[in-house]
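The values are calculated or read from the model by the stated rules, or taken from the named source; none is laboratory data. No experiment lies behind these values; they were computed from the predicted model shown. Here Cβ is always computed from backbone atoms with ideal geometry, including for glycine, and neighbour counts include all displayed protein chains. Just the protein is used for accessible areas: all its heavy atoms, side chains included, with ligands, DNA and RNA removed. Shrake-Rupley method; radii C 1.70, N 1.55, O 1.52, S 1.80 Å.
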Amino acid sequence: MNDIMTALMNQAFLKYKIRIILSSEAGSYTPSVTHTESRTIIINTNWHDKKQIPLQMAHEMGHIINGDKATRPVYFSAMQTDYPMELEANRIAIKLLLPFYLRDKETESVNSQEFMDAFSVPTHLENIVKEEISGMIKG
């Protein structure tokens, strides 16, 4: 996971000019947060589900990549199921994480559930995962 986090951080800074702050000071259920105006993300490295930390980072990057404008900080929530801005940030997160899952994989061994398990992707995002996997494999 550390190589994924490092790659995401490099991409955030070099490609998108996003500032990432890693913090282990918050409680294990305190979500990561984005401040879109300052293009700053704070990632809670103390999160209770370590496998989900790359998803949170990619999701928060998604808010900035999508150009979301929020008057207050935007917090990660695995429970957001219908808010369009959150769904689109999740779509970007999946797109950012898929290359890490797909590298060194034969097409016939790609499995959406395996991807979701690897990053603790919430089940309500299964259709988006399947769409994005299909798009990457075909395209």
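Can you tell me which residue is nearest to Ile94 (Cα to Cα) among those in the stretch 36-66 that are polar (S, T, N, Q) and open to solvent by 30 Å² or more (accessible area, probe 1.4 Å)? It would help to see each step written out before you state the result.
Taking the stretch 36-66 and keeping what is polar (S, T, N, Q), we get 36, 38, 40, 44-46, 52, 56, 66.
If we keep only those that are open to solvent by 30 Å² or more (accessible area, probe 1.4 Å) as well, we get 38, 45-46, 66.
Working: Ser38: 23, Thr45: 19, Asn46: 22, Asn66: 14 Å.
Among those that are polar (S, T, N, Q) and open to solvent by 30 Å² or more (accessible area, probe 1.4 Å), it is Asn66.
Among the residues of the stretch 1-35, those that are surrounded by 13 or more Cβ atoms within 10 Å (Cβ to Cβ), out of contact with any helix residue (DSSP H, G or I) (no Cβ under 8 Å at 6 or more places or on another chain) and in a loop (DSSP other than H, G, I, E, B) comprise Ala26, Thr30. Under the condition of being modelled with pLDDT of 80 or more and in contact with a strand residue (DSSP E or B) (Cβ under 9 Å, 6 or more places away or on another chain), the residues counted in the stretch 76-106 number 3. Considering only the stretch 14-34, I want to know if a residue exists there that is out of contact with any Asp or Glu (no Cβ under 9 Å at 6 or more places or on another chain), closer than 25 Å to Gly135 by Cβ, touching a residue at least 60 places away in the same chain (Cβ under 8 Å) and not acidic (Asp, Glu). Checked the stretch 14-34: no residue is out of contact with any Asp or Glu (no Cβ under 9 Å at 6 or more places or on another chain), closer than 25 Å to Gly135 by Cβ, touching a residue at least 60 places away in the same chain (Cβ under 8 Å) and not acidic (Asp, Glu). Looking across Lys105, Lys69, Lys95, one residue alone is within 24 Å of Leu14 (Cβ to Cβ), open to solvent by 40 Å² or more (accessible area, probe 1.4 Å) and not in a helix (DSSP H, G or I). It is Lys69. A Cβ distance below 6 Å, combined with a sequence gap of six or more or placement on separate chains, defines the contacts here; from the stretch 50-63, residues that are farther than 12 Å from Met9 by Cα reach residues that are open to solvent by 10 Å² or more (accessible area, probe 1.4 Å) and in a helix (DSSP H, G or I) in the pairs Gly62/Ile92. Test Asn10 against the stated conditions and say whether it is touching a Pro at 6+ places or on another chain (Cβ under 7 Å), more than 23 Å from Lys138 (Cβ to Cβ) and modelled with pLDDT of 95 or more. Against the criterion (touching a Pro at 6+ places or on another chain (Cβ under 7 Å), more than 23 Å from Lys138 (Cβ to Cβ) and modelled with pLDDT of 95 or more), Asn10 does not qualify.
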